[in-house]
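Asker: Quick one: the structure is below, questions incoming.
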Amino acid sequence: MDSIKSDMYSAMKSGDKETAGTLRTLLAKLKDQQINTRKDLNDQDCISVIKTLVKQRLEAAEMYEKANREGLAKKEKSEFEILNSYLPKMMSEEEIRDLVQSVITETMAEDISDIGKVMPVVMQQGGGSIDGKTANKILRELLE
């Protein structure tokens, strides 16, 4: 959280209004989360908030593109890039596939009905660096 604050101040000093505004929004969301949970946020909590904002930016950009609002879509994508830089490096699709395959073997899953016992293990082992949507897609592909 401290690095986000210092980055925001640097952006403000350099006149980068877009970065400063995006980071200001992020800090506000983190503060809201801290107030709602009534405890200090750990790194995992911060990552969760950032992931939510990143997902919102992607969805908004898609909606703006469908509505032929390229300027707004570009702004959302730019904010996505800024926020995404604060997330840990995500696993590649190949790494996710390897993890899913090992969890399937480990849990002895046989068909799609076992998805409920495999997916939580995949997400736990992947930590904050795994995309759940991609993992789910690969899991369904392998179990069908």
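Asker: Conditions: (1) in contact (Cβ under 8 Å) with a residue 24 or more places away in the chain; (2) not in a helix (DSSP H, G or I). N68 meets all but one. Number of the miss?
Answerer: Among (1) in contact (Cβ under 8 Å) with a residue 24 or more places away in the chain; (2) not in a helix (DSSP H, G or I), N68 violates only (1).
Asker: Then there is this: May I ask you to list pairs of residues, at least six apart or on different chains, whose Cβ atoms are under 6 Å apart, with the first in region 8-33 being among the hydroxyl-bearing types (S, T, Y) and the second being at pLDDT below 95 and surrounded by 12 or more Cβ atoms within 10 Å (Cβ to Cβ)?
Answerer: T19/A11; T19/I82; T22/E79; T22/I82
Asker: Please go through region 128-142 and give me each residue that is in a helix (DSSP H, G or I) and either in contact with a Pro (Cβ under 8 Å, 6 or more places away or on another chain) or of a type in the set (V, I, T) (or both), ordered by number.
Answerer: Correct list: G128, S129, T134, I138.
Asker: May I ask you to verify whether G116 is of a type in the set (G, A, S), in a helix (DSSP H, G or I) and at pLDDT below 90?
Answerer: So G116 passes the test.
Asker: Restricting attention to region 29-65, which residues are under 15 Å from P88 (Cα atoms) and among the hydroxyl-bearing types (S, T, Y)?
Answerer: Of everything in region 29-65, those that are under 15 Å from P88 (Cα atoms) and among the hydroxyl-bearing types (S, T, Y) turn out to be S48, T52.
Asker: Just checking, which of I4, I47 is within 26 Å of R140 (Cβ to Cβ) and at pLDDT below 90?
Answerer: Being within 26 Å of R140 (Cβ to Cβ) and at pLDDT below 90 holds for just one of I4, I47, which is I47.
Asker: Select, from E106, E62, the only residue that is in a helix (DSSP H, G or I), surrounded by fewer than 15 Cβ atoms within 10 Å (Cβ to Cβ) and without any contact (Cβ under 8 Å) to a residue 12 or more places away in the chain.
Answerer: Unique residue meeting the criteria: E62.
Asker: Of the numbered conditions (1) within 14 Å of the chain's Cα centre (by Cα); (2) farther than 21 Å from I130 by Cα, A61 fails exactly one; give the number of that condition.
Answerer: With (1) within 14 Å of the chain's Cα centre (by Cα); (2) farther than 21 Å from I130 by Cα applied to A61, the lone miss is (1).
Asker: Return a yes/no flag: does region 72-92 have any residue that is hydroxyl-bearing (S, T, Y), in contact (Cβ under 8 Å) with a residue 12 or more places away in the chain and not in a helix (DSSP H, G or I).
Answerer: Yes, because at least one residue in region 72-92 is hydroxyl-bearing (S, T, Y), in contact (Cβ under 8 Å) with a residue 12 or more places away in the chain and not in a helix (DSSP H, G or I).
Asker: Further, regarding this structure: Return the pairs, sorted by first residue and then second, in which the second residue is not in a helix (DSSP H, G or I), the first residue lies in region 115-138 and is of a type in the set (A, V, I, L, M, F, W, C), the beta carbons are less than 9 Å apart, and the residues are 6+ apart or on different chains.
Answerer: So the pair list comes out as I115/A109; V118/A109; V122/I130; M123/I130; I130/M90; I130/M91; A135/M91.
Matching residues to (1) of a type outside the set (A, V, I, L, M, F, W, C); (2) under 22 Å from L58 (Cβ atoms); (3) at pLDDT 90 or above:
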position	(1), (2), (3)
P88	yes, yes, no
D98	yes, no, yes
I104	no, no, no
G126	yes, yes, no
I130	no, yes, no
T134	yes, yes, no
E141	yes, no, no
E144	yes, no, no
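The values are calculated or read from the model by the stated rules, or taken from the named source; none is laboratory data. Keep in mind that what you see is a predicted model, and the values were worked out from it rather than measured. Neighbour counts run over all protein chains shown; Cβ positions are idealised from the backbone, glycine included.
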